[in-house]
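Following: one structure in structure tokens, then a few remarks.
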Amino acid sequence: MRDIDLPTLSRWHAYRDSIRWRLTPAGLETPQGIETFGGPPASVRRVWTEFGEPIRTWGAGLGVPAELVIACILTETNGNPVSTRHE
């Protein structure tokens, strides 16, 4: 399993029709400003350690970069594997 490419995450990204984003020391930056994860920086490493294999496998199969999946997980759940979202 490869390491997450943190330098790559610090460059601006946009996947298909999504908004642009990049990872900064202060949190996830979008054109609207900084979105903080609320968790420690170790969250990325913890999520990758626990779920890296399925993230890599499914991401590769669907053509979605693992870094984007990690950023979404942390933004939506702060890396909590039992988190739910009520809409």
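Every read-out reported here was derived from the displayed coordinates using simple, explicitly stated rules and does not represent laboratory data. The structure displayed is predicted, hence computed values, not measured ones. Neighbour counts run over all protein chains shown; Cβ positions are idealised from the backbone, glycine included.
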task = Can you check what the net charge comes to around Val82, using other residues whose Cβ is under 15 Å from the Cβ of Val82 (Lys, Arg +1; Asp, Glu -1)?
result = 0
inquiry  = Taking only the Cα atoms of the range 39-86, how large is their convex hull per residue, in Å³?
reply    = 75 Å³
